[in-house]
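Beneath this line is the structure, given in C-alpha cells, with notes to follow.
What follows draws every value from the coordinates through simple rules; no lab data is involved. All values derive from a computational prediction rather than experimental measurement. We place every Cβ from the backbone using ideal geometry, glycine too, and count neighbours over all the protein chains shown.
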Amino acid sequence: MNGDPLGYASTSFWLETCDDDLTPRAPLDGSADVDVAILGAGYTGLWTAYELLRRDPSLSIAILEREIAGFGASGRNGGWAAPNLNATPTNLERRFGRDRMLALERAVASGVDEIGRFCAAEHVEADYIKGGSLTIARGPSQIAALDADWAALNEAGLSDGHVRLTNRPRSLMSSVGRGPAVSVRP
Ligand SMILES: Cc1cc2nc3c(=O)[nH]c(=O)nc-3n(C[C@H](O)[C@H](O)[C@H](O)COP(=O)(O)OP(=O)(O)OC[C@H]3O[C@@H](n4cnc5c(N)ncnc54)[C@H](O)[C@@H]3O)c2cc1C
C-alpha cells in the first residue's frame, strides 16, 4: 500500500476500510479494440462485465472508470440488499397487472440471493448477512396497505418473514417482513 495518494479514502466508510491503497489503474494510452467497452466501474458496469464473462469467457471487455472502482454510489451506499422496489406490490399490480408485478417481485428477491451466491462462489468477503427487513405501519391508516402488500408477496411466495404484531403499541401497529433482505459490505 502506498497510502491512498489521491485521498479517495475520505469518500466513504467503505473505501476507507477496504484495505486497498485506492491507486487508480493506468489510463488507456491509445485506442483499444475490445468486444465490449463499459463506462463506469460501479455495480452496473462490474456486474455487466462479470455476467458477460460468465456466459462467454472468450469475450474481451474493457471497463473504463473516470476515478476508481466504487467511486460513485456503489462505494458509498448503505449496504442494504433488500428486495424493495420504489413502488409497493399493490401499486405495481395496479399499474402493470398481477403477473408482471409477481414476476418483478420474484426477480428482485432472487437478485438478493444471487449476491449471496456470487460472494460464496467468488470468495468475496462482503459480510453477507441475511437478517430480513421490516416495513412498519405507524398508524391504523397504513395497516390496510401493508396487509395488501403482504397478500401480494404471499402470492409471489415471498412472505416468509411476515410478522403481525398483536400488542400493537402506538408507534408500531403492524409490519410486513421481507425474508430475503440482506446487509452487505459493498
Ligand atoms: C447514499 C446512498 C445510499 C445508498 N444505499 C443503498 C442501499 O443501501 N442499498 C442499495 O441497494 N442501493 C443503495 N443506493 C443505491 C446504489 O448504491 C446505486 O443504485 C448503485 O450503486 C448504482 O450503481 P451504478 O454502477 O449504476 O453507479 P455508480 O456506482 O455511481 O457508478 C458509476 C461509475 O461511473 C463512473 N463514471 C461516471 N462518468 C464516467 C465517464 N464519463 N467515464 C468513465 N467513468 C465514469 C463514476 O466515477 C462511477 O464510478 C444508495 C445510493 C446512495 C447515493
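Inverting the pair-averaged 1/r between distinct Cα atoms of the chain gives 19.3 Å as its Kirkwood hydrodynamic radius.
Extension gain, A121 to A148, is 6.0 nm, computed as 0.36 nm per intervening residue step minus the present C-alpha separation. Computed per residue of the chain from DSSP H runs no shorter than four, each worth -39500 (n - 2.57), the mean residue ellipticity at 222 nm is -11000 deg cm²/dmol.
If only the Cβ of Lys and Arg carry +1 and only the Cβ of Asp and Glu carry -1, the dipole of segment 9-115 around its Cα centre is close to 660 debye.
Quantify how much of the Cα-Cα distance distribution of segment 33-138 extends past 17 Å, in percent. Percent of Cα pairs beyond 17 Å in segment 33-138: 66. Going from the residue with the fewest nearby Cβ atoms within 10 Å to the one with the most, E105, E65, E155 rank E155, E65, E105.
Normalised by the residues of segment 1-140, what does the relative contact order come to in percent, with Cα pairs under 8 Å and at least six apart? Once divided by the residue count of segment 1-140, the mean separation gives 18 percent.
Taken over segment 37-99, the alpha-carbon convex hull comes to 137 cubic angstrom per residue. With all pairs of different C-alpha atoms in the average, the Kirkwood value for the hydrodynamic radius of segment 8-76 is 13.1 Å.
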